[in-house]
């Protein structure tokens, strides 16, 4: 269950995904596989504080959920997103997957 305290609006979703790092995090996590912060840091080749800050933006909006195992934080796409949001995210993911990787 997500911890967002408000009803997510489309504008909020588009704003949070407008950042390239957050969009890449979403793309990595969309397959519903949980990932720890250290894996995401390696995949993005960015400092841990930067990745954590971007994860927090996605979590605060309710797109991601997280769980703690010892000192490790695991993130995944939330399973209780509104239907309209799920549809937009699915289309976004499919579109990103069909695009060539930017150099």
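Read the figures in this text as sums done on the coordinates, not as results from a lab. As the structure is a computational prediction, the values presented were derived from the model and not from experiment.
Values for this structure:
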{"item": "Relative contact order (percent, whole number), the chain, Cα cutoff 8 Å, 6+ residue spacing", "result": "34 percent"}
{"item": "222 nm mean residue ellipticity, helices alone, for the chain (DSSP H n ≥ 4; -39,500 (n - 2.57); rounded to 500)", "result": "-16500 deg cm²/dmol"}
{"item": "Coordinate range along principal axes, alpha carbons of the chain, Å, largest first", "result": "36, 33, 21"}
{"item": "Equivalent ellipsoid dimensions for the stretch 47-103 as semi-axes, Å, which come from the Cα gyration tensor, largest first", "result": "23, 18, 10"}
{"item": "Potential extension, residue 31-residue 84 segment - 0.36 nm per residue separation minus Cα distance", "result": "17.3 nm"}
